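Below are the structure tokens for one structure; questions will follow.
The values are calculated or read from the model by the stated rules, or taken from the named source; none is laboratory data. All of these numbers come straight from a predicted model, not from anything done at the bench. Every residue, glycine among them, receives a Cβ derived from its backbone with ideal geometry; neighbour counts consider all protein chains shown.
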Amino acid sequence: MEAVGAAANIIAVVDLAAKITSILFQYSKDVKDARGDVERLSQAVAHLRKAAQGVRHLLENQNGERLKTSQDLVVVIRQAEEQLQKLDSRLEPSPGRQAMKRFGFRALKWPFQSSEAQKLVSDIERCTQTMNFALQIDQTDIILNVEHRVLLDKLPVASGAAFDSYEEGRNPTCLPNTRVDLLQQLSTWADDPESEAIFWLNGMAGTGKSTISRTIARDLARKGRLGASFFFKRGEGDRGNMARFVTSIAADVVARETGISQHVKKTLDEYPGIVKKTLKEQFDKLIFQPFSKLPNRTGEPIVLVVDALDECENDDDIRTMIELFSTAKKLRNLQLKTFLTSRPELPIRLGFHAIKGKYQDLILHDIPLSIIEHDLQVFLEYKTSEIRDEYNATVSKDRQLTPDWPGELKIRSLVHMAVPLFIFAATTCRFLADRRCGSPSNQLETVLQYQTKSQESKLDATYLPVLEQQLVGLSNREKTQVLSQFRLVIGSIIILARPLSTSALAGILFVEQETVDARLDLLHSVLSVPTSSEEPVRLFHLSFRDFLLDQDKRDNHAFWIDERDSHRTLGRNCLTLMDKLKEDI
């Protein structure tokens, strides 16, 4: 019955979406004061309809029976139908209004508040995304035969580097009505066959580069235009270097562009050791040559998204890869482009200097201040309203925050403190939401004590309110003990080449598990701390590491960490552990 239901429901979704699109078109002509909401809702419904049409097409072909059994698809199709039915009932003009319309009166009235419309858009987009992801999984299972899967197994992949991986996919994308001009500029570049092969978005730490990268990758994937993505991350094993960079890109391309697999397979058959060769040889044989053999594809460039290039360890590899990406312009059968983000570090600047005139760039922190302030305000208003609603839902009425908390004045203060660092806004909101430290209102007052005009001390205002919770109410002797444990535990976490679990940290540091947990309990807004003691602890953002290791801050705060001392401690402990090993055990 579920199989029959899936087919019937998807037809209903397609038909309802078409009907609602028509109704929204009428609203767009009659309703002037909510045109933005109408347009956003119309676009969301159109995207849902397109995804539903894709599902319907596959359900009706020879592989349809396999798709009908997909529980993910069955559930999301039902959710989409229910969502559209509710929307249709709200939008459909009453008989009285229809009669007024026939006599020339403007009878349509927009039935939603702006916040309600935004929630509808988010719910519909979530259905669309889930449908696309479920469809992609099912399509991949159908399309990839055994030979194809064997091919992918031959390409070493950096775990967690793709934008839609488990590790990276949990991170945020841009909120609606933020980064509008920038995203439009990037979309124009990606669509233009005549634009440069590389777009370099550079900006200082914490200005939101990775969030933009995830948004671009997501949007391109929805359009079927994403070739591959790779998000570098220092301290995350293969994501911190280029040992598996080209092969990861090639594997992602093969999974998304099935027509290229035969050419990559031929390369691996002819050159079985190619995955160990130089970057230049790998790029030529696994990327450039296979793309050059695809049929002509004009007008729809394929885009690679590479984020945080500055977090790659080898400077020479960085310069080499920038040069190689620029050669994509030589492809005649299609346009292959690369969107790159990084801090403006010297090796990267030198790499781009070597290909002067062959790339387009934008400096993120040079965007007009008014635009940055607007985007930060939208973000903070959205996140603090979430925090307020979640907090109020869990406490008694006398403890609840007021409906207008935190208020316009405090939002402005936070915006002023944040500019231009989105990492400040994100960290602050995680801090406000962390119930281990207190109520959101008390946490906010703690943050506001660090208001500063100095750009250099912006990171102080970002991280010190969180860190100083470790010392609140302690005696001098207790503070000394906590700081010693902090430097041992957190110092190890931020310098590790590959993240470790809390149980592994306790073992290598020769401390109790409880000591590690105690130091991490109040740091959930700056570190990703899993509930399981067997899963790795990760940094939310590299700027936290930079802040703690900055030599210039050695005498500025009590949490400074001596990088050399941390390395010495870990090295000494590793040797001690190795001395205890026994042969064949």
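Could you check region 505-546 and list, in sequence order, the residues that are in contact with a strand residue (DSSP E or B) (Cβ under 8 Å, 6 or more places away or on another chain), free of Cβ contacts under 8 Å to residues at least 60 places away in the same chain and assigned to a helix (DSSP H, G or I)? Talk me through it step by step, then tell me what you get.
Taking region 505-546 first, the residues in contact with a strand residue (DSSP E or B) (Cβ under 8 Å, 6 or more places away or on another chain) are 520, 526-528, 530, 532-540, 544-545.
From what's left, free of Cβ contacts under 8 Å to residues at least 60 places away in the same chain: 520, 527-528, 530, 532-537.
The one that is in contact with a strand residue (DSSP E or B) (Cβ under 8 Å, 6 or more places away or on another chain), free of Cβ contacts under 8 Å to residues at least 60 places away in the same chain and assigned to a helix (DSSP H, G or I): L520.
Hey, could you check region 464-478 for residues that are in contact (Cβ under 8 Å) with a residue 40 or more places away in the chain and assigned to a helix (DSSP H, G or I) and say which is farthest from R564 (Cα to Cα)?
Initially, region 464-478 is screened for residues in contact (Cβ under 8 Å) with a residue 40 or more places away in the chain, giving 464, 466-467, 469-471.
Checking the rest, the ones that are also assigned to a helix (DSSP H, G or I) come to 464, 466-467, 469-470.
Working: L464: 22, V466: 24, L467: 21, Q469: 26, Q470: 24 Å.
Out of the qualifying residues, it is Q469.
Mind counting the residues in region 198-220 that are surrounded by 22 or more Cβ atoms within 10 Å (Cβ to Cβ), among the hydrophobic types (A, V, I, L, M, F, W, C) and not in a strand (DSSP E or B)?
So the count comes out to 4.
Would region 318-333 turn up any residue that is crowded, with 16+ Cβ neighbours inside 10 Å, of a type outside the set (S, T, Y), touching a Pro at 6+ places or on another chain (Cβ under 6 Å) and not in a helix (DSSP H, G or I)?
No: zero hits.
May I pose another question? With respect to R349, is the statement that it is buried (at least 17 other Cβ atoms within 10 Å of the Cβ) and either within 28 Å of L226 (Cα to Cα) or out of contact with any Leu (no Cβ under 6 Å at 6 or more places or on another chain) (or both) true? First the steps, then the outcome.
Details: buried (at least 17 other Cβ atoms within 10 Å of the Cβ): no; either within 28 Å of L226 (Cα to Cα) or out of contact with any Leu (no Cβ under 6 Å at 6 or more places or on another chain) (or both): yes.
No, not satisfied.
What number of residues within region 328-345 satisfy the criterion of being touching a helix residue (DSSP H, G or I) at 6+ places or on another chain (Cβ under 7 Å) and closer than 22 Å to S195 by Cα? Reasoning before the result, please.
Our first condition is that a residue be touching a helix residue (DSSP H, G or I) at 6+ places or on another chain (Cβ under 7 Å); within region 328-345, this holds for 331, 333-334, 336-343, 345.
With the extra rule that they be closer than 22 Å to S195 by Cα, the set shrinks to 331, 333-334, 336-342.
Of the residues in that region, 10 qualify.
Residue by residue through region 484-514, note down the ones that are surrounded by fewer than 19 Cβ atoms within 10 Å (Cβ to Cβ) and more than 18 Å from P536 (Cβ to Cβ).
S484, Q485, F510, E512, E514
Scan L401, L376, L350 and give me the residue that is at pLDDT 95 or above and either part of a helix (DSSP H, G or I) or under 25 Å from the mean Cα position of the chain (by Cα) (or both). Working first, answer last.
Numbers: L401 fails: either part of a helix (DSSP H, G or I) or under 25 Å from the mean Cα position of the chain (by Cα) (or both); L350 fails: at pLDDT 95 or above.
Exactly one residue qualifies, and that residue is L376.
Since D361 meets every condition but one in (1) farther than 22 Å from T211 by Cβ; (2) surrounded by fewer than 21 Cβ atoms within 10 Å (Cβ to Cβ); (3) of a type in the set (D, E, K, R), which condition does it not meet?
(1)
May I ask you to say which residue of C429, C437 is buried (at least 16 other Cβ atoms within 10 Å of the Cβ) and not in a helix (DSSP H, G or I)?
On the way: C429 fails: not in a helix (DSSP H, G or I).
The match here is C437.
Do any residues in region 239-267 that are assigned to a helix (DSSP H, G or I) have Cβ atoms under 6 Å from those of residues that are hydroxyl-bearing (S, T, Y), where the two are at least six apart or on different chains, and which pairs are they?
As it stands, the answer is V254/S261, since those pairs meet every condition given.
Here is a further query. Would you point out the residue of region 173-192, among those that are part of a loop (DSSP other than H, G, I, E, B) and among the β-branched types (V, I, T), that is farthest from the chain's Cα centre (by Cα)? Break it down stepwise before answering.
Step one: list which residues in region 173-192 are part of a loop (DSSP other than H, G, I, E, B), which gives 173-179, 192.
Still in the running and among the β-branched types (V, I, T): 173, 178.
Numbers: T173: 5, T178: 15 Å.
Result: T178.
Of everything in region 245-262, what is within 17 Å of F325 (Cα to Cα) and of a type in the set (S, T, Y)? Give them in sequence order.
T247, S248
With the requirement that a residue be assigned to a helix (DSSP H, G or I), of a type outside the set (D, E, K, R), touching a helix residue (DSSP H, G or I) at 6+ places or on another chain (Cβ under 7 Å) and within 23 Å of L464 (Cβ to Cβ), what does region 547-585 give you?
F547, L548, L549, S566
Then there's this: Going through region 440-463 one residue at a time, which ones are without any contact (Cβ under 8 Å) to a residue 24 or more places away in the chain, charged (D, E, K, R) and not in a loop (DSSP other than H, G, I, E, B)? So that I can check it myself, show each step before the final result.
Within region 440-463, the subset without any contact (Cβ under 8 Å) to a residue 24 or more places away in the chain is 442-443, 445-446, 449, 453-457.
Add one more test, that the residue is charged (D, E, K, R), and what stays is 445, 453, 456.
E445, the sole residue that qualifies.
For region 225-280, name all the residues that are farther than 29 Å from L186 by Cβ and surrounded by fewer than 17 Cβ atoms within 10 Å (Cβ to Cβ).
Q262, K266, D269, E270, Y271, P272, G273, K276, K277, T278
Rundown of residues vs (1) modelled with pLDDT under 90; (2) buried (at least 21 other Cβ atoms within 10 Å of the Cβ), yes/no style:
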| residue | (1), (2) |
| --- | --- |
| F25 | yes, no |
| K29 | yes, no |
| R35 | yes, no |
| S42 | no, no |
| A46 | no, no |
| A51 | yes, yes |
| V55 | yes, yes |
| E60 | yes, no |
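Further question: Pairs under 9 Å by beta carbon, first residue farther than 20 Å from G208 by Cβ in region 331-357, partner basic (K, R) and assigned to a loop (DSSP other than H, G, I, E, B), six or more apart or different chains?
Final answer for the pair search is N333/K293; F352/K358.
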